Amino acid sequence: MSVLRSNERGWLLDACSLINEGFEQCYSVNKGHFTCYFNKQCFNVLKPYIVNKSGGDCMVGALSNTERHAAGDTRIELKNRKKRKRKRSELNQGELDAEAYHKKVRSLVLEGTQSLLEAGHHCGYLTEDLLTVPTKQMPVHECQLASLCDMAKQLLEMENSDAPHVQAVNGHADCDAHLDLFSCITENPDDFAREVTLMGETYFLPPHSRFLLSDVACLQPLICSGDKYDLIVLDPPWENKSVKRSSRYSFLPSSQLKRLPVPVLSAAGCVVVTWVTNRPSHLRFVREELYPHWGVKLLAEWLWVKVTRKGELVVPLDSPHKKPYEVLLLGRFCANSDNTTRSEVCEIPDQQLIISIPSVLHSQKPSLSAVLKPYIRPNAKCLEMFARSLQPGWTSWGNEVIKFQHHSYFTTENVESAHVACSEIIVADQPLNTR
């Protein structure tokens with residue numbers, strides 16, 4: 001089960017199981033039917049990256065050192081950090097604002113996380129003995145999708161205006177080689193996942209998933225498709241010093257986010273969810289500028305709390321350098337105010353927690369489909385912007401939109417073996433959702 005526990009505080013998720021739900025039935029022209037599993041080692045956060053020696057909160061822990069130490073074996077004690085500690089009087093306004101925000105949410109994180117983690121321990125999920133696996137080097141896929149998007153922009157002038165807005169894969173490499181991934185929405189229309197070859201690489205596409213591979217300069221195909229979405233989730237590449245130093249990915253200035261066509265893509269009452277860093281200026285920008293500009297009414301503020309496989313916070317709760325949580329701001333598109341309340345959806349609650357083991361892959365967020373389902377209409381159309389992976393039944397857009405669909409992140413199993421494993425799981429499984 002992907003939602004392991006839920007209560008009035010929030011949800012405890014198995015992020016890897018959320019991914020696998022889309023790949024229980026897969027088909028390849030060459031291999032036939034099989035089952036696909038996302039690499040569990042990507043969620044093998046065993047030990048803390050930073051250890052708090054002060055003996056404070058019982059949930060202290062730390063983050064595994066992402067892609068360099070997938071098994072999470074490296075620890076750095078706070079007392080050994082070389083960085084000079086500044087006095088409170090030397091904190092700048094942004095740091096003072098961050099400290100004030102942390103004080104506001106600290107008790108929510110501490111108390112809410114504790115209750116859900118206790119439930120997770122009780123059901124046997126957060127148990128190191130059960131989950132520790134032999135470590136081995138994970139394959140590293142060098143993603144070139146963003147560079148290909150830059151190259152494709154040079155050819156936009158030659159685009160045929162009469163071309164269809166949506167195209168389907170069929171799994172035959174020679175046919176799929178002719179698909180235009182950069183100026184047309186590509187979809188897997190089938191009820192099962194498909195193995196496809198795109199641009200010479202093998203990818204697994206979830207059932208009824210659609211994607212557009214482009215950057216912010218090439219969003220027209222998404223608009224021209226005519227679809228209006230009931231849920232839009234955004235994970236913007238926020239500008240910060242770390243991103244500038246690492247050059248790991250390009251960032252988008254906050255002012256440019258206003259130009260995204262969210263109002264054009266939103267159905268009446270659309271739920272808009274934005275992942276925001278803990279930087280106070282970004283939170284303030286979304287609350288006071290971005291959502292009002294889009295016609296979105298802010299309704300709730302949720303936190304994603306990251307824990308290790310033993311149920312420890314990935315960094316100490318009161319660490320001055322990093323926090324073990326990230327923020328989600330949820331609102332509803334209310335430009336058409338007469339039709340923003342629907343009887344078939346629940347009111348979005350405030351101050352909820354989403355707790356999960358984070359991926360060691362950079363910027364891979366947990367799927368929100370399971371927890372957001374009660375707050376959108378049945379058979380809702382869903383869109384993820386700045387995506388790096390696909391979800392069943394969703395449309396996704398980004399300049400690395402199929403990055404985590406690459407075959408190197410998955411293992412496959414033939415149908416017979418998968419049925420045996422599935423039967424064993426069903427026998428052993430007990431209902432875990434107490435909400």
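What follows draws every value from the coordinates through simple rules; no lab data is involved. If you're wondering where the values come from, they're calculated on a predicted model, not measured in any experiment. Counting neighbours? That spans all protein chains shown, and the Cβs are built from the backbone with ideal geometry, glycine included.
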Per-residue HN-Hα couplings for region 267-282 [Karplus 6.51, -1.76, 1.60; θ = phi - 60°; Hz; x = Gly/Pro] = 7, 4, x, 4, 7, 10, 10, 10, 6, 10, 5, 7, 6, x, 5, 6
ask   = Given a Förster radius of 56 Å and the C-beta distance between Q114 and D227 as r, what FRET efficiency does 1/(1 + (r/R0)^6) yield to the nearest 0.05?
value = 0.85
ask   = In nm, to one decimal, how far is the R259 label point from the E142 one, both placed 7 Å along Cα→Cβ?
value = 3.1 nm
task = Enumerate the amide H contacts of S396 below 5 Å, restricted to partners 5 or more residues apart or on another chain; note that Pro and chain-start residues carry no placed amide H.
result = R210, F211, L212, E384
request  = Would you pull out the residues with amide H under 5 Å of C334's amide H, same chain only if 5 or more places away, H placed 1.01 Å from N?
outcome  = V296, K297
Scattering curve values for region 258-400, log₁₀ I(q)/I(0), Debye with Cα scatterers, q = 0.19, 0.20 Å⁻¹ = -1.32, -1.44
